[in-house]
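Everything below concerns the one structure shown next.
The values are calculated or read from the model by the stated rules, or taken from the named source; none is laboratory data. These numbers come from a predicted model, not from an experiment. Cβ atoms come from the backbone with ideal geometry, glycine included; neighbour counts cover every protein chain shown. Quick note on the areas: whole protein, heavy atoms, side chains included, nothing else; ligands and nucleic acids left out. Shrake-Rupley method; radii C 1.70, N 1.55, O 1.52, S 1.80 Å.
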Protein chains: 2
Amino acid sequence: MSIFAALADPTRRGIVESLARGALSSGEIAERFDISASAISQHLKVLREAQVVRVRAEAQRRIYELDPHGVAELSRWVEELKGFWAPRFDALEAELRKPAGRPRKRRKEK
Amino acid sequence: MSIFAALADPTRRGIVESLARGALSSGEIAERFDISASAISQHLKVLREAQVVRVRAEAQRRIYELDPHGVAELSRWVEELKGFWAPRFDALEAELRKPAGRPRKRRKEK
DNA sequence: TGCTTAATTTAGCTGATACTAAAATAACAA
DNA sequence: TTGTTATTTTAGTATCAGCTAAATTAAGCA
């Protein structure tokens, strides 16, 4: 599964954001969310397989932390995207300073 | 929908990568993929709503291009993640230079 | 040996997502 | 007008993702 698919789920992004502050056990992660430990474990599996996080065992506990591979891969993809833009960068900078740009609903857009 | 959910789908990432090279009409995008123009249009809608792309009309054509808002948002999230790591950055750099780190299947891992 | 704690795996349900085909919208051209 | 081209929207279907509950694995401790 791609790193983007792994990060598509808000709970999984929450886990990643938690781990950015430091390593946590599976149980400590589960405490922070209102879903079962089982569900958390399944999310952690997805994140592991996408190399967004990695585990080490410590007695019965599994300690999770961010995996540099996944973050580096994500970073590379984004940087490459921005790279193609380089020639047009000034225009974009200006663009970003404009008001808000929230999805202006023209017709009725359900 | 979050920008990550929008980028979770491989076809949508392909569209974004195509648009990184420059603006394209809906039809030109559809040519590049083996799915119906309808499916592409639905993908474009998801990307539009996540502000990953934006459209302008040109006669009957809809010209799509990357939307700086979405890319900036994505970039910010990733940079922030890396930011938390800053203190530990040397260790990570070393980590990234190691062999491969593909998911080594220990037990039987379906 | 059990019992407890920590975590994962499996099974099954439900809702969301990606697709096609067909209908609708819209601009241009004869 | 009527037809053609470009695109979107709607309807319907099939597959997938995320959840809970229950079973399983595994380490530590009495």
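Go through region A:9-25 and count every residue that is within 19 Å of A:A72 (Cβ to Cβ) and under 9 Å from the mean Cα position of the chain (by Cα).
The total comes to 5.
Hey, among A:F84, A:F4, which residue is closer than 30 Å to B:R21 by Cα, more than 14 Å from the chain's Cα centre (by Cα) and more than 8 Å from DNA strand C (Cβ to nearest atom)?
Just a single option satisfies the conditions, and that option is A:F84.
It is to be established whether one or more residues within region A:20-39 are within 16 Å of DNA strand D (Cβ to nearest atom), within 14 Å of chain B (Cβ to nearest Cβ) and in contact (Cβ under 8 Å) with a residue 12 or more places away in the chain.
no
Within region B:1-85, which helices (runs of 4 or more DSSP H) (wholly inside it) include 1 or more residues that are of a type outside the set (A, V, I, L, M, F, W, C) and open to solvent by 10 Å² or more (accessible area, probe 1.4 Å)?
Because the criterion is at least 1 residues that are of a type outside the set (A, V, I, L, M, F, W, C) and open to solvent by 10 Å² or more (accessible area, probe 1.4 Å), the helices (runs of 4 or more DSSP H) in region B:1-85 that meet it are B:10-20, B:26-31, B:37-49, B:68-85.
Among the residues of region B:1-29, write down those that are of a type in the set (S, T, N, Q) and touching a Leu at 6+ places or on another chain (Cβ under 9 Å).
B:S2, B:S18, B:S26
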